[in-house]
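The values are calculated or read from the model by the stated rules, or taken from the named source; none is laboratory data. For clarity, every value in this text was computed on a predicted model and none was experimentally measured. Glycine gets a Cβ as well: all are built from the backbone with ideal geometry, and neighbour counts include every protein chain shown. Areas reflect the complete protein model, heavy atoms only, side chains present, ligands, DNA and RNA absent. Shrake-Rupley method; radii C 1.70, N 1.55, O 1.52, S 1.80 Å.
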Amino acid sequence: MVNYPISQIGSGRHTLSVLVENRPGVLARVAGLFARRAFNINSLSVSPTERDDISRITVTADVEAVPLEQVIKQLNKLLHVLKIVELDPDNTVERELVLIKVAANERNRSDVLEIVKLFRVRVVDVHPESLTIEATGAGGKLDALLGLLDNYGIIELVRSGAVAVTRGPRALSEKVIGSTVTGR
Amino acid sequence: MALPTPLQAFSGVPNTPDDSANHSAKTSVSSSSSIGETMTGAQALVRSLVDLGVEDVFGIPGGYILPAYDAINDDTGFRFILSRHEQAAGHAAEGYAVTTGRVGVCLVTSGPGATNMVTPIADAMMDSVPLVVITGQVNVSSIGTDAFQEADIVGITYPVAKHSFLVTNAEDVPRVLTEAFYIAKSGRPGPVVVDLTKTAQTGEMRYSWPQRMILPGYSPTTKAHGHVLTDAAKLFTTSYRPVLYVGGGAVRSNASREVKQLSELTGAPIVTTLQSRGIVPNADHAVLGMLGMHGTVAATAAVQRCDLLVAIGARFDDRVTGNVAEFAPAARVIHIDIDPAEIGKNRHVDVPIVGDVSQVLDDLIPEIERLQSVHGRPELDSWWKTIDNWRESYPLRYDEPTDGSLAPQWVVEQLSAKASPDTIWVSGVGQHQMWASQIIDFKKTQTWVSSGGLGTMGYGLPAAIGAEIGSQRDFASKKPVWLIDGDGSFQMTSEELAVAFFEHTPLKIAILNNSVYGMVRQWQTLFYDKHYSKTNLEDGLAGEHDESVADIPDFVTLAKAYGCLGIRAFTKEQALEAIDLANATNDRTVIIDFRVWKDAMVWPMVPAGHSNDDVMYKPGVMPLHHTPEQHDTALESNADAADSTTTEKKG
Ligand SMILES: Cc1ncc(C[n+]2csc(CCOP(=O)(O)OP(=O)(O)O)c2C)c(N)n1
């Protein structure tokens, strides 16, 4: 059986890192599996990795440990899935990017800018009636920022979904057995 | 050994087939294309099948698989069985796979040919049957354009196949087929789809064999690791009411000998699922029969009261467990399965063992022997006394018909009694399937073919044809095939009688013709106030044939239309005569239209969603209840089927 840390019971948010072969159709299969189990995912991001042949999917979800374990086992059955780990929050760097368009005019712009400074985030677009803010950070920080900005009126919002790596010098892809996904 | 061919398998449509996106692939192209014989992808397909040892292929041709069919000639190294419906080709391949242990192979066209395969693919997935289904696909340049007869079969089959490949390049054909067969057969067996674009079929390539597979994400575990074997063996030494709960996985793993050995060593009784009937002969005292919704009282009760449940290649299906929260409440569980995702899926497991069943049992048995030599074997006498008491008090029984027709259960008893011990039994889906499973005296493993997980009506006839092809191939036709079918199920694929005729597969077919969708009607009787909504088929009346009333269809005439021998049996004498004639006829298919009682019921029964403790032996009798009157009176009052006369069957 594949080794993965058993999810801590009661801890709601889980982050899975899934290494998959970098080829068309993979995401559909992975996403389809979540859909079939009526498993509500919080965020999902997919992108290339340090290896051409491998993509990395980061999934965050609020679930009980038991259904999560079942989903991990089912994901493992997909042939394109090379490796799955559930990341331990204590040993993980997790980041997300958001772009937030806030309603801000002459009267309250400086208040918003104060918040921007406080959170050490950036303004990437200014308009007489709006400010667009780019922020990266762990989910909690972004939630707090959004909570404050909400008072001014959020016009538009987009979040990237979390990405995460474990701390230390190792790469998850080192664990892909055989390492022969290249050459096709 | 040839180097891997370039990245094309599973992949979508390359935007520019010759672009340099795959630098690394280039090298292997040049090295592999310098060796081997030049041919088209279609020719490579046929060659690969032969090189894979395939001897029988089922299917129907069509536009986008024509190049492949064009590559099949009289001297091609496999037999081609031409079906009349793709669904039937799939079920035939399943029947073939189940009885021979080989991979069943289908070759069909794109679009409607491919979508017709979805049911057998899903069926094979549920019952872990190894299949390779090759479907035609439109040209690469037309994919995604709603081209004529285009269907995204890879997309359609994601959730119901073990894996699906799209092949866009001829180079990849032999490697992908190698991978497909390996995936279908290894680990937990299952259906694999290979969608072959016309481009891949017509393209030129250089053929070499064998091929190296590239499956970095696939490595099934076959051998148990670590302390689990000892943990499991220990549980045996401290359990006084053990039960072996044996499923289809044990049949796929060919573990008949090991299961019997384990039972003898530990003294544990064997209960089976629908799929594993016959894995150990019924005559063995340890075999209690099938458990669950229509299982025997002894089997269901033993599991409810056991203190150690050993699940062997079984998956705790809801037809087995009833309300899973109340299933085997006092049992510690050892679960042996090759699929890690099955372990702990429905029921908490104390000792999880991932591995191939026969391999695991081979390793577990010496471990138990070792512990037994130290601790001795637990005394199971009182457990067996309880079990034998259930067996004697609640043998299979049925009510006699009140309308002068045949009792379907009696028919199955006679079929079983008169059949050769090597008979392969096949069924459709419905009451007749349950009676066949309950009543047939199974003597050998891999002689029972029935759609379990998906419960697919129409499975029977094509699966029987596949089993007969397998019998011809592997057993020199020495295993006769009896199909026990329902009039409803039979009509879903009866066109395959043409195949039975042309392919010279002489089947013996017993239609238990109750003129209704019996199983649905039984539920209507019990749970829908006898509102028999749309379950009347009007294809036969009990009693002597009345020329003025047309039976649609008239199965005897239908048999004749397909060159088969058709017989109708109203009475016991006619029935016995017909069975003898069928057993003596080996040059063509025989269909017997047994007119049976439409009010016959399958007992025992655990109503869907109930606890197995609610197993009802017959209306009003619940052996595991101490105070039956408190339970489910609605069910009892509705289930007042005639019980004036009753036939009891011992054993
Ligand atoms: C393809 C399909 N459609 C519908 C059903 C639902 N169903 C289950 S049993 C049954 C009736 C079966 O009738 P028949 O084959 O005559 O067998 P009997 O129960 O009368 O023995 C039906 C309609 C099914 N299992 N499969």
Review point. Which of (1) touching a Ser or Thr at 6+ places or on another chain (Cβ under 8 Å); (2) part of a loop (DSSP other than H, G, I, E, B) is the odd one out, the single condition B:ALA436 does not satisfy?
Key: (2)
Review point. Where in the range B:506-625 are the strands (runs of 3 or more DSSP E), entirely inside, with at least 3 residues that are more than 16 Å from the ligand (Cβ to nearest atom), touching a helix residue (DSSP H, G or I) at 6+ places or on another chain (Cβ under 7 Å) and open to solvent by 10 Å² or more (accessible area, probe 1.4 Å)?
Key: B:565-569
Check your understanding: Taking the range B:478-487, which residues are in contact (Cβ under 8 Å) with a residue 60 or more places away in the chain and open to solvent by less than 10 Å² (accessible area, probe 1.4 Å)?
Key -> B:TRP482, B:ILE484, B:ASP487
Practice item. Among the numbered conditions (1) surrounded by fewer than 23 Cβ atoms within 10 Å (Cβ to Cβ); (2) part of a loop (DSSP other than H, G, I, E, B), tell me where B:ARG257 comes up short. Key: (2)
Check your understanding: For B:ALA233, which of the numbered conditions (1) among the small types (Gly, Ala, Ser); (2) in contact with a helix residue (DSSP H, G or I) (Cβ under 6 Å, 6 or more places away or on another chain); (3) in a loop (DSSP other than H, G, I, E, B) fails to hold?
Key -> (3)
Check your understanding: Only one of A:VAL121, A:VAL116, A:VAL126, A:VAL112 is more than 25 Å from A:ASN22 (Cβ to Cβ), open to solvent by 80 Å² or more (accessible area, probe 1.4 Å), β-branched (Val, Ile, Thr) and outside the structural domain of A:ILE41 (by TED's automatic domain parsing); which?
Key -> A:VAL126
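Which of the helices (runs of 4 or more DSSP H) contained wholly in the range B:332-422 include at least 3 residues that are more than 30 Å from B:GLU468 (Cβ to Cβ) and open to solvent by 40 Å² or more (accessible area, probe 1.4 Å)? Let's see the steps before the verdict.
Values: elements: B:357-375, B:381-393, B:408-418.
So the answer is B:357-375, B:381-393.
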Review point. From the set of residues in the range A:74-95 that are at the interface with another protein chain (Cβ under 10 Å from one of its Cβ atoms) and touching a residue at least 40 places away in the same chain (Cβ under 8 Å), which is nearest to A:ALA31 (Cα to Cα)?
Key: A:LEU75
Practice item. Would you mind telling me which numbered condition in (1) farther than 17 Å from B:GLN87 by Cβ; (2) at pLDDT 95 or above B:PHE490 fails? Key: (1)
Review point. Within 15 Å of the ligand (Cβ to nearest atom) and either under 24 Å from B:GLN414 (Cα atoms) or open to solvent by 20 Å² or more (accessible area, probe 1.4 Å) (or both), is that true of B:GLN491?
Key: yes
Review point. Of the conditions (1) in contact (Cβ under 8 Å) with a residue 24 or more places away in the chain; (2) assigned to a strand (DSSP E or B); (3) out of contact with any Asp or Glu (no Cβ under 8 Å at 6 or more places or on another chain), A:VAL98 fails just one. Which one is it?
Key: (3)
Exercise for review: Spot the failing condition for B:TRP435; the list is (1) over 21 Å from B:TRP603 (Cβ atoms); (2) within 13 Å of the ligand (Cβ to nearest atom), and only one is missed.
Suggested key: (1)
**Study point:** Test: residue in the range B:454-477 that is over 20 Å from B:ASP587 (Cα atoms), small (Gly, Ala, Ser), buried (at least 24 other Cβ atoms within 10 Å of the Cβ) and away from the ligand (no atom under 11 Å from the Cβ)
**Key:** no
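Yes or no, residue by residue, for (1) closer than 18 Å to A:ARG13 by Cβ; (2) of a type in the set (D, E, K, R); (3) at pLDDT 95 or above:
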site	(1), (2), (3)
A:VAL121	no, no, yes
A:VAL126	no, no, yes
A:LEU131	no, no, yes
A:GLU134	no, yes, yes
A:GLY140	yes, no, no
A:ILE154	no, no, yes
A:SER160	yes, no, no
**Study point:** Hits in the range B:158-183 (condition: over 19 Å from B:VAL140 (Cβ atoms) and either within 12 Å of chain A (Cβ to nearest Cβ) or of a type in the set (Asp, Glu) (or both))
**Key:** B:TYR158, B:PRO159, B:VAL160, B:ALA161, B:LYS162, B:HIS163, B:GLU179, B:ALA180, B:TYR182, B:ILE183
Check your understanding: Can you tell which of B:ALA151, B:ALA147 is in contact with a Ser or Thr (Cβ under 7 Å, 6 or more places away or on another chain), more than 11 Å from chain A (Cβ to nearest Cβ), of a type in the set (A, V, I, L, M, F, W, C) and not in a helix (DSSP H, G or I)?
Key -> B:ALA151
Practice item. Answer with yes or no whether B:TRP482 is within 16 Å of the ligand (Cβ to nearest atom) and part of a strand (DSSP E or B). Key: yes
Exercise for review: Return yes or no: is B:ILE121 within 14 Å of another protein chain (Cβ to nearest Cβ), touching a strand residue (DSSP E or B) at 6+ places or on another chain (Cβ under 8 Å) and not hydroxyl-bearing (Ser, Thr, Tyr)?
Suggested key: no
Point to revise | Hits in the range B:302-331 - residues which are open to solvent by less than 10 Å² (accessible area, probe 1.4 Å) and either of a type in the set (Ser, Thr, Tyr) or in a helix (DSSP H, G or I) (or both) | key: B:ALA302, B:VAL303, B:GLN304, B:THR321
Study note, to complete from the structure: Of (1) more than 9 Å from the ligand (Cβ to nearest atom); (2) open to solvent by less than 30 Å² (accessible area, probe 1.4 Å); (3) touching a Pro at 6+ places or on another chain (Cβ under 7 Å), B:LYS443 fails just (2)
Check your understanding: Is it true that some residue in the range B:399-421 is of a type in the set (S, T, N, Q), in contact with a Phe, Trp or Tyr (Cβ under 7 Å, 6 or more places away or on another chain) and within 16 Å of the ligand (Cβ to nearest atom)?
Key -> yes
Review point. Going by the structure shown, is B:ALA498 modelled with pLDDT of 95 or more and away from the ligand (no atom under 16 Å from the Cβ)?
Key: yes
Point to revise | Any strands (runs of 3 or more DSSP E) falling wholly within the range B:33-124 and containing at least 3 residues that are open to solvent by 10 Å² or more (accessible area, probe 1.4 Å) | key: B:37-40, B:79-82
Revision key, fill the gap. B:SER219 meets each of (1) farther than 30 Å from B:LEU265 by Cβ; (2) modelled with pLDDT of 95 or more; (3) open to solvent by 40 Å² or more (accessible area, probe 1.4 Å); (4) within 14 Å of another protein chain (Cβ to nearest Cβ) with one exception, condition (2)
